[in-house]
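First the structure, in the form of structure tokens, and then the observations on it.
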Amino acid sequence: MKSILPRFRDVERQAGSLPPMQCVPPCHDRQNTMWFVRDACGIVCAVITWLLVFFAEFVVLFVMLLPSKNLTYSLVNGTIFNSLAFLALASHFRAMCTDPGAVPKGNATKEYIESLQLKPGQVVYKCPKCCSIKPDRAHHCSVCKRCIRKMDHHCPWVNNCVGESNQKYFVLFTMYIALISLHALVMVVFHFLYCFEDDWTKCSTFSPPATVILLILLCFEGLLFLIFTSVMFGTQVHSICTDETGIEQLKKEERRWAKKTKWMNMKAVFGHPFSIAWFSPFSTPDHGKADPYQYVV
């Protein structure tokens, strides 16, 4: 005779020594508390990211735009570059300080499992590291020390995991960084041509050697970031369209979830329906009212 109780499985094989009744009662995270990962490497990488954007801002404004004799050129390009830089940093901040979809710690207790009123034969997965009920497609992050729903990867440059709740901001961050990198490269080329045609002492407020060094550094930074963020942006969009996270692709996990169209997958990440809010880091997408705990029979 089959048991009417739900089955309980540890995700890791070595977790058999950690039964659910040893878990502490579930902790209820305060929703008003800002999410921030206290990882030294991640914090340094995040600070470096902001400093590099500010360096590009400095070179664009004080080396190329302000010394320019064409006021319209300076105003148009300054507005575009500063707007993209602002959106990029705002997206970075939201990606860094938004809960990526962390599963509550310590909720793998016997009482809590019984309160879920699971159907007979359903399998409940448990993470032995954070002692939580592990939803389907969730993975444990060793840096965040939490299980993250639909975790794609942990990115040190945003000092956070990229998961179900902040993937939109990470995609926007890579997109806007790629755009400002491309814009900066175009302006560097035009400024080099302008300086070659005109006197180097008049095309910049800095000395010619300093101007050349700053432009070369910006060119190198822009090219590097353009390649890196473009690849990341393309990888993320492909991952969203196929509804398969980076970890699932790496581990070649068996697909156990319903297949949806690419457009439905995009709307699941960026919100319903399609609007200009998709491109705003200040707009929180409506992920719907999906059950946060999905079980596999």
*Could you figure out which of (1) at pLDDT 90 or above; (2) in a loop (DSSP other than H, G, I, E, B); (3) open to solvent by 10 Å² or more (accessible area, probe 1.4 Å) isn't true of PHE173?*
(2)
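Quick grid of which residues meet (1) in a loop (DSSP other than H, G, I, E, B); (2) open to solvent by 70 Å² or more (accessible area, probe 1.4 Å); (3) in contact with a His (Cβ under 9 Å, 6 or more places away or on another chain):
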site: LEU182; (1), (2), (3): no, yes, no
site: LEU185; (1), (2), (3): no, no, no
site: PHE192; (1), (2), (3): no, no, no
site: PHE196; (1), (2), (3): no, yes, no
site: LEU215; (1), (2), (3): no, no, yes
*Can you name the residue in the stretch 61-87 that is over 12 Å from ALA184 (Cβ atoms) and of a type in the set (A, V, I, L, M) and is also least open to solvent (accessible area, probe 1.4 Å) among such residues?*
LEU87
*Taking the stretch 223-274, which residues are assigned to a helix (DSSP H, G or I), over 24 Å from HIS92 (Cα atoms) and either open to solvent by 90 Å² or more (accessible area, probe 1.4 Å) or of a type in the set (A, V, I, L, M, F, W, C) (or both)?*
LEU250, LYS251, LYS262, TRP263, MET264
*Of the residues in the stretch 202-216, how many are at pLDDT 85 or above and not hydrophobic (A, V, I, L, M, F, W, C)?*
4
*What are the residue pairs meeting all of these: first residue in the stretch 90-101, first residue open to solvent by 30 Å² or more (accessible area, probe 1.4 Å), second residue among the charged types (D, E, K, R), Cβ atoms under 9 Å, and 6 or more apart or on different chains?*
ARG94/LYS168; ASP99/ASP29
_Looking at CYS141 and the list (1) closer than 20 Å to PRO281 by Cα; (2) touching a His at 6+ places or on another chain (Cβ under 7 Å); (3) free of Cβ contacts under 8 Å to residues at least 24 places away in the same chain, which single condition is not satisfied?_
(1)
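The values are calculated or read from the model by the stated rules, or taken from the named source; none is laboratory data. This one's a predicted model, so the numbers in the text were calculated from it and none came from an experiment. Backbone-built Cβ (ideal geometry, glycine too); neighbour counts: all protein chains shown. The accessibility values were calculated without ligands, DNA or RNA, using every heavy atom of the protein model including side chains. Shrake-Rupley method; radii C 1.70, N 1.55, O 1.52, S 1.80 Å.
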